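So the structure is just underneath, and the comments pick up after that.
Where a number appears in this text, it was derived from the coordinates with a stated rule and is not lab data. No experiment lies behind these values; they were computed from the predicted model shown. Cβ placement follows ideal geometry from the backbone for every residue including glycine, while neighbour counts extend to all protein chains displayed.
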Amino acid sequence: MKIIEVITPKNDINTVENIGKEHGAIDQWHVSSSDDDERSVMRLIVDDNHRQAVMDALQNQLGQHERTRIVVLPMEATLPQVEQDEKKKEKTSSSSATREELYQSIIKNTELSNNFLLLVFLSTIVAAIGLIENNVAVVVGAMVIAPLLGPNIALALAATLGDSQLMWSSLKTNLAGLGLALGLSIIIGLILPIDLSSHELISRTYVGIDSIVLALASGAAAVLSLTTGLSSVLVGVMVAVALLPPTATFGLMLGSGQMGLAFGAALLLAVNIVCVNLAAKIVFLARGVKPRTWFEKRKAKQSITIYIVFWIISLLVLIVAIYLRGRV
């Protein structure tokens, strides 16, 4: 459950009350007038199953008003406890997080900022040293930082909502992060001696069908954790389908002149990226995440088709490449 706070002109308060009653708000109350005495504040307690419907109704009715603001506030607990009857339980929406909440939590990972580049820089160094020294703990540390996972999930959300601006932003951040990590790891591979007996290093030059299954499952788990609010699951996903270690391995092998092993690491990196994006998109669809307006839905339908077809074709090409490499 969360609190939806609506700040709107006083003559729209009745509209807010009716929306709350119609869409199953658990409780609602008038808070106070704002400082300018022309707007009022209304708060509604809404459970996860009805929050998206309430948000959509509020935006449809009041979204065009310049002086209206809708804020979603967290709520740790409420007394007395709220008990839902069986009829209400049946009317469940797929996602417990609204598209607006998902957007705000994911968009932070698409900003091509100095902090993002610094995280990529530091985690690449950590990953490279861990791989060279065969230190599992250090490699896992680089995995948990996981700066490249966010932009890939954001790319899937952008296609789901038909948001071209978010798509471009996440793609730009993704390419910048991968480029920095690859370039830095190539330099490290040129400078430091590479120990080919390192299990952590060599294991990331192998890719098979099991790698594809793992990446698909991990990408699906990442989006599922976001849409259900179980953010703790993300830590496990970061480790299971980390993008930095194979990127670092790819660069280290290129820097040391091991082209065959570099190709294997590149395949693993490509499999992880493709599978995370494909699985994320499918889960967003399965969880009912979609645009609000008819026009946005039509735009999203086009982008979804292109997006899914592109990633499926990419995955098929990778499967063929894995098969051919296994026969060499």
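Which whole-Hz ³J(HN,Hα) couplings does region 202-211 yield from phi under the Karplus relation 6.51 cos²θ - 1.76 cosθ + 1.60, θ = phi - 60°, glycine and proline marked x?
5, 4, 8, 9, 10, 9, x, 4, 5, 5
With axes computed from alpha carbons, what is the tilt in degrees of helix 244-256 against the longest principal axis of the chain, rounded to the nearest 10 within 0 to 90?
Here the helix axis deviates by roughly 30 degrees.
So which of Lys21/Lys281; Lys108/Lys281; Lys21/Lys108 end up more than 26 Å apart, counting from Cα to Cα?
Over 26 Å apart, Cα to Cα: Lys21/Lys281; Lys21/Lys108.
Angle between the Cα long axis of helix 136-145 and the longest principal axis of the chain, 0 to 90 degrees, nearest 10?
Value to nearest ten degrees: 40.
Suppose we flag GluC sites (Glu not before Pro) only when DSSP calls them loop and at most 16 other Cβ atoms lie within 10 Å. Which is the longest uninterrupted stretch of the chain?
134-328
Compute the acute angle (0 to 90°) between the alpha-carbon long axis of helix 164-191 and the principal axis of greatest extent of the alpha-carbon atoms of the chain; round to the nearest 10°.
30
If each DSSP helix of 4+ residues adds -39,500 (n - 2.57) and the sum is divided by the residues in the chain, what number results at 222 nm, nearest 500 deg cm²/dmol?
It comes out at -21500 deg cm²/dmol, rounded to the nearest 500.
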